[in-house]
Amino acid sequence: MKHYNISDHMDSDKIEEKKVRNIALLVVALGSFLIPFMGSSLNIVLPIIQKDLAVNIILLSWIPTVFVLANAALILPFGRLGDIFGRKRIYTYGVIIYTAASLLAGLSNSGIMLIVFSFMQGFGCAMIFATGVALLSSVYPSNQRGEALGLFVTAVYIGLFLGPLLGGFLAQNFGWRSIFLFNVPFGIFLFILIKMRLHGEWKGLGGKFEIRGSLIYSLSIVALLYGFSTLNSSFGKLSLFTGVIGLVIFVLNEKKSINPILRLGILRKKVSSLSALAILLMNIANSAMWVLLSLYLQDIMHLDPQQTALIISVEPLMVALLSTPVGRLSDRIENRIFTVIGMIVTTIGLLILSQLTTNSTLLIPIIGLILVGIGLGLFSSPTTNRFIGSVEGRDYGMASGVLSTMTYAGQTMSLGIMLYIFAVYLGNVQITESNFPAFLFSLKTAFIVFAVLSGFGIIVSILIGPKKIKDDLQRID
């Protein structure tokens, strides 16, 4: 007679749970690698695309712009859809759309086609990033989530690290289309992995999807971010004002809504609101750094694009190396320490970069990049973990959308600040030896502004407060 052993059954359940966690982590990490890889490698090949498709500079700039705008505008609605219909389901649809769009972008024969399919890539990417952190938070308990989120951040920055290097290699040997087509086999493998190995589904409390609030939010975010990136023009100022008014209307609408896409209560806690603000400030402070240093290294120091990519890749490499061990440590000790120190180190790195001159050695930008990378590596996973830990399980998709919105909004605002400073001090001209002093003054001003914002982030990080002994997470899966 066979005896039923309860302990054996419990052990098998634990083994199955661990398998699900590992597969979920692999799925989210692969998706998190592909998107930043695509974005950072695309910047390298834009000049090649311009020549091959005979695209003017305005159309060319819209290729990466529509990708970012689609992400920023759609991430929050897709996070809510993940809470209602299942986070794995929305993530899977995102993989399908992103893979198909990558294939079509690689086959494009005009700038307009490439803009359309870049928007589709952003559409799929929004579904992936809106649910990735939510999926990890659903399967990992709070005492292991920091390490999982650290691996997630590591995957993102490995993508950023390899993008310029591998992207440059692919473009040089196989043409610019290879960068888009590189995503296709990865996307197919990711889809098969989800279907064959990631069993189960994770939802919030459900409810109806609010179309009105989603439309108000998406259009307002597009207007706000577009306006911020073109602030030096009259239309940009009007667009920014329209976006702000739209977001006010959105907040009023969400307060009255029965099924809001953003439950405003998740931002009423000091921990969640200040953590989100700290993430926004960190992204504003460092996102334009790549563009500023790329111009400085190539125009002032006369390095070629590949040498520039190698130097700039120091920053994401540092983040990739630090994020996982820091995430693991943040599960065990007070994680506000990492957030505060990360902001401090980032601020010091930005101040060092503000001292660049025509006579600076390469050591100065490298030290600045290393410090900013260390700061980001200390900051990212503990702060993300702290924000998610302050939110109930039913709202993980919504919270994941908020985090990604803070990231993309920060990136757009960072570039907008940089462009505004250039417009004021340099004007709409090419960088030549005759205007090197104006360019360097613009660069110095930009880095000082970003350092001040990062310094404000130090104060915000301190105000988050210590983590409670009893985790305030309530898992409702």
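The values are calculated or read from the model by the stated rules, or taken from the named source; none is laboratory data. As the structure is a prediction and not an experimental result, all values here were calculated from the model. Quick reminder, even Gly has a Cβ in these numbers, built from the backbone with ideal geometry, and neighbours come from all protein chains shown. In case anyone asks, the SASA skips ligands and DNA or RNA and just uses the protein heavy atoms, side chains included. Shrake-Rupley method; radii C 1.70, N 1.55, O 1.52, S 1.80 Å.
With the cut-off at 41 Å, report for the chain the share of all Cα pairs above it, as a whole percent. Please list the in-between numbers first.
On the way: 16731 of 113526 pairs.
Value for the chain: 15 percent of Cα pairs lie more than 41 Å apart.
Calculate, for ASP304 and GLN144, the FRET efficiency according to 1/(1 + (r/R0)^6) with r their C-beta to C-beta distance and R0 41 Å; round to the nearest 0.05. Can you show the working numbers first?
Details: r = 44 Å, r/R0 = 1.08.
That gives a FRET efficiency of 0.40.
Too long at a 19 Å Cα-Cα cut-off: which of LYS14/LYS195; LYS88/LYS255; LYS88/LYS256; LYS88/LYS270; LYS18/LYS88? Intermediate values should be presented prior to the final figure.
Numbers: LYS14/LYS195 21 Å; LYS88/LYS255 28 Å; LYS88/LYS256 29 Å; LYS88/LYS270 30 Å; LYS18/LYS88 17 Å.
As for pairs spanning more than 19 Å Cα to Cα, those are LYS14/LYS195; LYS88/LYS255; LYS88/LYS256; LYS88/LYS270.
Taking only Cα atoms, what is the 0 to 90° angle, nearest 10, from helix 183-197's long axis to the longest principal axis of the chain?
10 degrees
For the stretch 291-367, with the dipole built from +1 on Lys and Arg beta-carbon atoms and -1 on Asp and Glu ones, taken about the Cα centre, which of SER330, VAL319, LEU353 lies farthest toward the positive end?
SER330
Between the helical axis of 6-53 and the dominant principal axis of the chain, each derived from Cα atoms, what acute angle in degrees is found, rounded to the nearest 10?
20 degrees
For the chain, which span is the longest to avoid every loop-located (per DSSP) member of GluC sites (Glu not before Pro) having at most 16 other Cβ atoms inside 10 Å?
Numbers: sites that count: GLU201, GLU334.
That would be 1-200.
Dipole of the chain, Cα-centred, from +1 at each Lys and Arg C-beta and -1 at each Asp and Glu C-beta, to the nearest 20 debye?
Working: 34 positive and 22 negative charges, 254 e Å.
I would put it at about 1220 debye.
Taking the alpha carbon gyration tensor of the stretch 208-355, what are the square roots of 5 times its eigenvalues, largest first, to the nearest whole Å?
Numbers: eigenvalues 236, 130, 33 Å².
Working from the Cα gyration tensor, I get semi-axes of 34, 25, 13 Å.
Okay, helix-only estimate at 222 nm for the chain: each DSSP H run of n ≥ 4 adds -39500 (n - 2.57), divide by all residues, round to 500 deg cm²/dmol; what do you get? Write down the numbers at each step before the final one.
On the way: 17 runs with 373 residues, N = 477.
Taken over the chain, the calculation gives -27500 deg cm²/dmol.
Where does helix 270-286 land angle-wise versus the long Cα axis of the chain, in degrees 0 to 90, nearest 10?
Taking the Cα atoms of the chain, the angle to 270-286 is about 30 degrees.
Can you give the accessible area per residue of the chain, in Å², using a 1.4 Å probe?
Values: 20450 Å² over 477 residues.
Averaged over the residues of the chain, the accessible area is 43 Å².
Sorted by accessible area with a 1.4 angstrom probe, largest first, how do TYR420, TYR157 fall? Kindly include the intermediate steps, with their values, before the conclusion.
Working: TYR420 100, TYR157 35 Å².
Descending order: TYR420, TYR157.
Picking from LEU151, LEU162, SER137, whose Cα lies most toward the positive end of the charge dipole for the stretch 116-218 (charges on Cβ: Lys, Arg +1; Asp, Glu -1)?
Farthest towards the positive pole: SER137.
On a 1.4 Å probe surface of the protein chains, which of LEU463, LEU76 comes out largest in accessible area, and what is the full order?
Ranked from most to least accessible, the order is LEU463, LEU76.
When the accessible area of the chain is split by element with a 1.4 Å probe, what percent falls to carbon and sulfur?
Values: 14100 of 20450 Å².
Here it works out to 69 percent.
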